[in-house]
Amino acid sequence: MNRSARRDVYILGIETSCDETGAAIVRNGREVVSGVVASQIEFHQKFGGVVPEIASRKHLETINPVLDDVLGKAHFDYEDLDAVAVTIGPGLVGALLMGLGAAKVISYVKGLPLIGVNHLEAHIYANFIDHPDLKPPFISLIVSGGHTILAYMEDYGSYELLGETLDDSVGEAYDKVAAFLGLGYPGGPVIDEMSKEGDPTAIQFPRAMMRTGDFNFSLSGLKTAVLNYVSHLRLESHEIPLHDLVASFQAAVVDVLVAKTVQAAKEKGIDKIVLAGGVAANSYLRQRMIEETRSEDILLYYPHIFLCTDNAIMIAAAGHRRYLAGDRISLEANPIPNLRLGQGIEE
């Protein structure tokens, strides 16, 4: 199909920021044509976390098959696309290079515009797939393995950072507690599932920074409190109430996330809250956020669980907005491993 003979815009998204190799084709920024994700979890589990060298190697091995698969599922050729969008940061530098390199080749050989996408922004845009009528302004809580951020999205591409973690991210805290308890990797899903059989009020862990008057977070003290609690029980040869322990840990995390997010919405006079990132799939966080937003007459949005974790659908969705704005990156662009939300990308 001739690109100039149609109104619809088809963006190919590529995501390789960490340990998921993803590609997707999205129509007009809101409709998924096809999407493929190749997970590396099995290769990293025995190490208790992502090994950057392994991640890069696996991206190199899988990126071409994933691209072939996503085009095949859509019955598309590269000539049917309008642009290629790729994660430029934040993430592991070696992993980012794999996706960016593939996108550059496609852009150069097929003559497609090349668009750099902020991975954090893309997590927010995952909500536009499941909620096509969603529009800013809104408050967004981005919680993942590497980030815990509270932001005000005033308009498309316009962000005010309200707060962030001062140490561990939520996902990192879950992984570290799970590793200490011998529950495996990744820690988030297993703690969430085990917590359903525990009492979240059984152990009174600290709610760090709950009353500091700002919107920052801290998880390292809570993590240490869990480790000290378990160490004390082991020293006294007491049985560890594992389900109550993880449920109480999770409650301490979620209580602060919910309270500060709702407070941010009230202070900004905003009636919409958007959850984003891998930890947005957490069932207890969703439950508590639903309860609190209902009581405050605030609308709550969150994406399908598949769209919470790293995927290329969200990259293509965010890339569509940047495509319309005329944003482009050059073939000389480099990854930005520490890219922040709202930070400019090379034009």
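Annotations
Per-residue answers, yes or no, for (1) farther than 27 Å from PHE306 by Cβ; (2) touching a helix residue (DSSP H, G or I) at 6+ places or on another chain (Cβ under 8 Å); (3) assigned by TED's automatic domain parsing to the domain that holds SER144:
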residue	(1), (2), (3)
VAL190	no, yes, yes
ILE203	yes, yes, yes
ARG207	yes, yes, yes
GLY213	yes, no, yes
SER231	yes, no, yes
LEU245	yes, yes, yes
VAL258	no, yes, yes
VAL274	no, yes, yes
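- Output for region 158-176, where each listed residue is of a type outside the set (Asp, Glu) and either surrounded by 15 or more Cβ atoms within 10 Å (Cβ to Cβ) or in a helix (DSSP H, G or I) (or both): TYR159, LEU162, GLY163, THR165, SER169, VAL170, GLY171, ALA173, TYR174, LYS176
- Pairing residues of region 177-199 that are in a helix (DSSP H, G or I) with residues that are among the basic types (Lys, Arg), at Cβ distances under 8 Å and at least 6 apart in sequence or on separate chains, gives VAL177/LYS223; GLY187/LYS176.
- Scanning region 210-239 for residues that are under 23 Å from the mean Cα position of the chain (by Cα) and hydrophobic (A, V, I, L, M, F, W, C) returns PHE215, PHE217, LEU219, LEU222.
- Meets criteria (crowded, with 24+ Cβ neighbours inside 10 Å and not in a strand (DSSP E or B)) for GLY94: no
- Tallying residues that are closer than 17 Å to GLY22 by Cβ and not hydrophobic (A, V, I, L, M, F, W, C) within region 35-56 yields 6.
- In a residue-by-residue description of region 302-309, the property of being over 27 Å from VAL37 (Cα atoms) and either not polar (S, T, N, Q) or not assigned by TED's automatic domain parsing to the domain that holds MET194 (or both) applies to no position.
- Just one of the listed residues (GLY342, GLY319) is part of a loop (DSSP other than H, G, I, E, B) and either touching a Gly at 6+ places or on another chain (Cβ under 9 Å) or under 17 Å from HIS131 (Cα atoms) (or both), namely GLY342.
The values are calculated or read from the model by the stated rules, or taken from the named source; none is laboratory data. Just so it is clear, the structure is predicted and the values come from calculations on it, not from any experiment. Heads up, the Cβs are rebuilt from the backbone with ideal geometry, glycines too, and the neighbour counts pull from every protein chain shown.
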